[in-house]
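Each value in this text was obtained by applying a stated rule to the coordinates, not by laboratory testing. On a predicted model such as this, the values are computed, not experimentally measured, just so you know. Because the Cβ atoms are built from the backbone with ideal geometry, glycine has one as well, and the counts that use them run over all protein chains shown.
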Amino acid sequence: MQNNPRDLIKDIYKGNSRAMGILLSHSEAVAQKAMEIARSVPQFEPDIRFIEESALLHDIGMLMTNAPALGCHGDLPYICHGVEGRKILEARGLPAHALVCERHVGLGLTVDDISANKFPLPERDMLPLSVEERIVCFADKFFSKLGDTREKSISKVRASIARYGHDKSREFDSMLAQFFQNI
């Protein structure tokens, strides 16, 4: 990556220090957790530099959404932040980082999820596929952007995931088994 992720965020978020501060605080926590996980699973040969960059950029699209509590006053529902992040990063020549943005929402979304929930998203599977995408997606679930921004316990993450259905709980448990074996 030619640009420093923090510089890219500052360029996109210039003039919106509240949203930028929330994004950087959250993304730095996610990046630290993701790198910790990546280092614990050397057998998967994760690209730690890519994980750090992607974790820092994974929520860059939130600026385009209507999330006043986050300092964002765009026109789109928050669920669109992953797709919008993909657009931003693809336009900057970062297609692999862009996929992390799109695929981290929830624990990934299927066409059925999008259709059943009538999400205003393109009808395509948006599931984390690579080990790097899965690590960033998983690490993200441990941190909120507002309120208590400290790392959540596994039981709190599991409870927050459960509301999205049994398939998401099973996916979380799969990621937990894959990534928390050595932590």
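Helical content of the chain, expressed as a calculated mean residue ellipticity at 222 nm, amounts to -17000 deg cm²/dmol (DSSP H runs of 4 or more residues, -39,500 (n - 2.57) each, divided by residue number, nearest 500). Among 105, 131, a tally of other beta-carbon atoms within 10 Å of each Cβ gives an order, fewest to most, of 131, 105.
Once you reduce segment 125-183 and segment 10-62 to the center of their Cα atoms, the two points are 15 Å from each other. With neighbours defined as other Cβ atoms within 10 Å of a residue's Cβ, the residues 132, 90 order from fewest to most as 90, 132. Taking amide H positions as modeled 1.01 Å from N, with prolines and chain starts lacking one, the residues under 5 Å from residue 109 and 5 or more places away or on another chain are 126, 127.
Which net charge results when you count Lys and Arg as +1 and Asp and Glu as -1 among the other residues whose beta-carbon is under 15 Å from that of residue 113? That works out to 0. Residues 138, 172, arranged from fewest to most other Cβ atoms within 10 angstrom of their Cβ, appear as 172, 138. Using C-alpha pairs below 8 Å separated by at least 6 residues, the relative contact order for the chain is 21 percent. If you average 1/r over all unlike Cα pairs in the chain and invert the result, what Kirkwood radius do you get in angstrom? It is 16.4 Å. The slack in the chain from residue 11 to residue 155, taken as 0.36 nm per residue of separation less the alpha-carbon distance, amounts to 48.2 nm.
For the chain, leaving out every one of the trypsin sites (Lys or Arg not before Pro) that falls in a DSSP loop and has at most 12 other Cβ atoms within 10 Å, the longest unbroken run is 15-117.
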